[in-house]
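Readers should treat all values here as calculations from the given coordinates under stated rules, not as data from a laboratory. These numbers were taken from a predicted model, which means no experiment stands behind them. Methodologically, a virtual Cβ is constructed for each residue, glycine included, from the backbone with ideal geometry; neighbour enumeration extends over all protein chains shown.
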């Protein structure tokens, strides 16, 4: 299984399509989740232009003005799509991975910035998780950290991190360790760093794929 998550920060910006196409060609993902596309009703031709083959399906959540926007793309020869679920801060698809009997939920998220919206975000995800009884992966840009060590030269709010950790604990999610760099976001000044992106998986997903990484 190969799943890619990227905060694209504007799919229509110059050079982004070429950069994304290179990633897709190199990695051949079965699932691709993009956050902050800043697009509404992206045409099929645009999405097809960066996918690595002609076999694809997708669902999208439109941006509001020039902010937000989510996109999920998959290879239908490997993932048998059943339904899509859209929330205020997420876009999810359910289906079967070819060769496995169990349904799987892939939940692509782009978290809000304000404290009140974050609380609504955790509640929204909790309700979705409680409504499904299948292995699931929640991935994307959560716009939150779990500890002060996940920020450098940035403001850290302990209460906000506590709420994030409480959500992970209550939802029985496993924070999948990431390889590579310690931080996943660098500001334009290249002085501030945060770990905002992650993969959170259910225990049933770990049982289904014990070697998931």
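Please arrange 190, 195, 127, 94 by how many other C-beta atoms lie within 10 Å of their C-beta, fewest to most.
On the way: 190 7, 195 20, 127 10, 94 17.
Lowest to highest Cβ neighbour count: 190, 127, 94, 195.
With each label modelled as a point 7 angstrom along the Cα→C-beta vector, the residue 131-residue 85 pair spans 0.6 nm.
The modelled label-to-label distance between residue 98 and residue 155, using points 7 Å beyond Cα along the C-beta direction, is 4.9 nm. Stretching residue 124 away from residue 57 to a fully extended chain increases their span by 21.6 nm, per 0.36 nm per residue minus the current alpha-carbon distance.
Expressed per residue, the C-alpha convex hull volume of region 81-151 stands at 101 Å³. Size of the chain: Rg and Dmax of its alpha carbons, in Å, are 16.7, 48. With a Förster radius of 30 Å applied to the beta-carbon distance between residue 49 and residue 77, the computed FRET efficiency rounds to 0.90.
Can you tell me what percent of all Cα-Cα pairs in region 161-203 are more than 18 Å apart? Please list the in-between numbers first.
On the way: 356 of 903 pairs.
Here the tail beyond 18 Å accounts for 39 percent of pairs.
A simple spin-label model places pseudo-atoms 7 Å from Cα toward Cβ; at residue 170 and residue 192 they are separated by 2.8 nm. Bridge orientation summary for region 3-208: considering DSSP beta bridges with both residues in this region, about 75 percent are antiparallel. Helix-only estimate, please: 222 nm mean residue ellipticity of the chain, summing -39500 (n - 2.57) across DSSP H runs of length 4 or more and dividing by its residues, to the nearest 500. Taken over the chain, the calculation gives -7500 deg cm²/dmol.
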